1. Quick check on the range 151-258: take the gyration tensor over C-alpha atoms, sort the square-rooted eigenvalues as a ≥ b ≥ c, and tell me if it's rounded (a/c under 1.5), prolate or oblate.
2. Over the chain, give the accessible area per residue in Å² for a 1.4 Å probe, as an integer.
3. Between the helical axis of 2-16 and the dominant principal axis of the chain, each derived from Cα atoms, what acute angle in degrees is found, rounded to the nearest 10?
4. Which label belongs to the value computed from this structure, given these candidates for Kirkwood radius over Cα pairs in Å: [x] 20.6; [y] 24.3; [z] 19.7?
5. How large is the dipole of the chain about the Cα centre if only Lys and Arg carry +1 and Asp and Glu carry -1, each at its Cβ, rounded to the nearest 20 debye?
6. To the nearest 500 deg cm²/dmol, what mean residue ellipticity at 222 nm is calculated for the chain from DSSP H runs of n ≥ 4 alone, each contributing -39,500 (n - 2.57), summed and divided by the residues?
7. Spelling out what I want: for every residue of the range 160-167, take phi, set θ = phi - 60°, compute 6.51 cos²θ - 1.76 cosθ + 1.60 (Karplus), and round to whole Hz; glycine and proline get x.
8. With the cut-off at 1.5 for a/c, could you classify the range 229-281 from its C-alpha gyration tensor as rounded, prolate or oblate?
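The values are calculated or read from the model by the stated rules, or taken from the named source; none is laboratory data. Every value quoted in this text rests on a predicted model; they were computed, and no experiment measured them. Here the Cβ positions follow ideal geometry from the backbone for every residue, glycine too, while neighbour counts run over all protein chains shown. Just the protein is used for accessible areas: all its heavy atoms, side chains included, with ligands, DNA and RNA removed. Shrake-Rupley method; radii C 1.70, N 1.55, O 1.52, S 1.80 Å.
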Amino acid sequence: MKIQNTVYFLLVILFSMPSIYSQNTIDIVKKNAQVEMAGTGFLFTEGPAVANDGRVYFTDQPNDKIHVWDEKKGISLYLEGTKRSNGMYFNKKGQLFACADENNQLVYFDENKKINVVFQDFEGKHLNAPNDLWIAPNGTIYFTDPYYHRTWWHDDHKEVQDVQGVYLLSPLGKVTRVISDFVKPNGIIGTPDGKTLYVADIGDNKIWKYTIQDDGTLANKTFFAPHGSDGMTIDTKGNVYLTSGKVWVYNAKGVLIKEIEVPEKPSNVCFGGKKRNVLFITARTSVYTLKMKVKGVN
């Protein structure tokens with residue numbers, strides 16, 4: 001009888017405790033907010049990056065275009081002819097950087113929309129297909145380089161790098177391969193203090209967490225989440241947003257706190273709007289928004 005009473009007592013305590021999952025689910029999304037379509041008619045949207053004014057730039061890579069979303073004015077064309085830009089990110093100077101895989105390059109767009117090549121050809125061989133990037137507070141650029149064969153390449157184009165890796169480009173222009181043990185790296189995002197980096201191995205369906213050392217190299221590889229995310233972002237609470245079939249949200253401890261269903265499979269995500277409280281989702285032929293209680297850090 002004592003054992004039964006003890007079990008009953010423990011069950012009462014367990015089921016009377018508030019759910020961590022439900023608490024966080026309520027906290028991060030604005031009350032009654034729904035995923036809304038912001039635009040459609042694209043071939044494949046990717047690479048959302050938020051500018052200082054809150055506008056979000058995103059790519060339609062098969063059409064070789066970059067578009068801009070404004071929370072009041074909607075969507076407009078920024079540039080056609082982008083060297084097949086994919087993942088993008090703004091630096092502190094307001095320059096838009098992109099992974100441009102037409103010629104396997106890292107580039108940025110100046111104030112006149114001119115394309116400037118920042119990096120290409122690691123150890124004398126062309127990169128695989130630069131895919132996504134994140135710029136640390138000190139200006140160091142981390143970018144992933146998986147191999148996806150593109151229809152716009154020449155027929156004899158081949159994978160020549162010995163691994164599908166992750167690289168850092170220092171502010172002084174030095175390039176170092178910092179990850180070489182992934183099957184296929186893809187999404188990447190770091191914390192605003194520049195101390196932690198999250199990288200997706202989409203080929204192994206895992207997210208890994210690293211400590212960024214003083215010289216920019218990575219240490220303390222730690223399993224974070226069981227998803228192969230295409231793109232990622234982070235909010236001011238340290239929650240990490242992944243795109244794999246839907247948008248998955250994990251807190252900084254690696255606990256799943258939210259699942260966001262999207263009409264189309266999401267490819268990437270960031271926070272936009274002047275208050276950074278709109279979750280902007282690229283998803284195949286369309287882009288979507290969701291009003292949030294939390295704010296993005298990028």
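1. oblate
2. Details: 14370 Å² over 298 residues.
Result: 48 Å² of accessible area for each residue.
3. 50 degrees
4. Among [x] 20.6; [y] 24.3; [z] 19.7, the one calculated here is [z].
5. Values: 35 positive and 32 negative charges, 266 e Å.
Using only the charged Cβ atoms, the result is roughly 1280 debye.
6. Counting only the DSSP helices, I get -2500 deg cm²/dmol.
7. 10, 6, 6, 9, 9, x, 10, 10
8. Details: a/c = 1.84, a/b = 1.03, b/c = 1.79.
Judged from the Cα gyration tensor, the range 229-281 comes out oblate (a/c at least 1.5, b/c at or above a/b).
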